[in-house]
1. Going highest first, how would you order 192-199, 181-188, 278-285 by mean Cβ packing within 10 Å?
2. If you rank SER259, SER242 by how much accessible surface each has, with a 1.4 Å probe, what is the order from largest down?
3. Could you give me the ³J(HN,Hα) list for the stretch 255-272, computed from phi with Karplus coefficients 6.51, -1.76, 1.60 and θ = phi - 60°, whole Hz, x at Gly and Pro?
4. Label the stretch 174-293 by shape, choosing from rounded, prolate and oblate, from the square roots a ≥ b ≥ c of the eigenvalues of the Cα gyration tensor; if a/c is under 1.5 it is rounded, and otherwise prolate applies when a/b is larger than b/c, oblate when it is not.
5. Using a 1.4 angstrom probe, figure out how much accessible area the chain has per residue, in square angstrom, rounded to the nearest whole.
6. Give me, ordered by chain and number, the residues 5 or more places off ARG19 or on other chains with an amide H under 5 Å from its own placed amide H.
7. So what is the calculated 222 nm ellipticity per residue for the chain, using -39500 (n - 2.57) for each DSSP H run with n of 4 or more, over all residues, to the nearest 500 deg cm²/dmol?
8. For the stretch 113-208, rounded, prolate or oblate, judged on the Cα gyration tensor with a ≥ b ≥ c (square roots of eigenvalues), a/c < 1.5 rounded, else prolate if a/b > b/c?
Amino acid sequence: MNAKVNITNRAGASFPVRRMQFDFDHVPEYWMNGSAGLTHFMTALSALFPAGEKFFIDSVRAVRQHPAIKDNEDLQKEISAFIGQEAMHTHEHAGFNASAQKFGHDVAALEKATDTVIQTFRKSASTVMKPFGISQEMIDLMGTTALEHFTATIASELLRNEHIQALMTDETMATMWAWHAIEENEHKAVAYDVFEGVFGKGIKSYLARTSSLVAAMVVLFMVQTYFVARLLKDDKQLNIASLKDIYTYGYSPSKGIISGMGKEMLAYFKPGFHPNDLDTVGLLATWKAKLGF
């Protein structure tokens, strides 16, 4: 373990909040196997997290005192731990993003753009859906629930895919992404349980959560792809070699992290789906032992 770890009070939740203290000062510019393409692909993802994680926290916090769930002590404990973990993710990704900035990669602009996209999309969706009785709080929670499924799925793929792990040649970054992946799976059901607690399990709820996943994935793909292209272009690395690395890492049928997510992403559309249907208990136990958690 190459980071200081403090585990804070779980308040009885089923998972802890780990306060990580990564030192990004010695992370090389192209920390992922020396590849500009792979590094910028992951930096583009990291640029999404500060504003994205804040959105998740705000969305869940906005409804935690809803009459349907405010007296559910177990869920309230999970919400507190969820907020704690997401706050730590925001802090550490902001730290890495700042370290990438020193190499001339304008990640700060991408963080700002992420917030603009989130606020524009949520407000536009609220305007469109208001006549159907869908509030801003429901829009936000729909988006959070959908994106939490995405983050848990890409996280579990990262923890399973040995090809991807081998490419993370910098120890600090490999540890950071593994820690984040573990915690995304630890709290993967919290936003979903809040959503179902507040909005139920009927057909309206089903259509809301599944349609929000489709919309969220379209927007996410467009934004992250633009971020990758911008980082590569500004770095004068928008070339065949970089694009080939990204294709193999992200989208190739046998090794790609994105292509490997298909089955679990589609499970979200199953009526009666719950995130814990996707069993990662053994996977997390293995990785927590590796990291000394």
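1. Numbers: 192-199: 20.9, 181-188: 23.9, 278-285: 14.2.
The peptides rank, most packed first, as 181-188, 192-199, 278-285.
2. Working: SER259 55, SER242 5 Å².
These residues rank, largest area first, as SER259, SER242.
3. 10, x, 5, 6, 5, x, 8, x, 4, 6, 5, 5, 4, 4, 8, 6, x, x
4. Details: a/c = 2.26, a/b = 1.39, b/c = 1.63.
It is oblate, given that a/c is not under 1.5 and a/b is not larger than b/c.
5. The answer is 46 Å² per residue.
6. ASN6, ILE7, THR8
7. On the way: 11 runs with 190 residues, N = 293.
-22000 deg cm²/dmol, from helical runs alone.
8. Values: a/c = 3.38, a/b = 1.98, b/c = 1.70.
Prolate, since a/c reaches 1.5 and a/b exceeds b/c.
The values are calculated or read from the model by the stated rules, or taken from the named source; none is laboratory data. Predicted model, so just to flag it, every value in this text is computed and none were measured. As a convention, Cβ positions derive from the backbone with ideal geometry for all residues, glycine included, and neighbour counts pool all protein chains shown. To get the accessible areas, we keep the full protein, side chains included, count just its heavy atoms, and leave off ligands, DNA and RNA. Shrake-Rupley method; radii C 1.70, N 1.55, O 1.52, S 1.80 Å.
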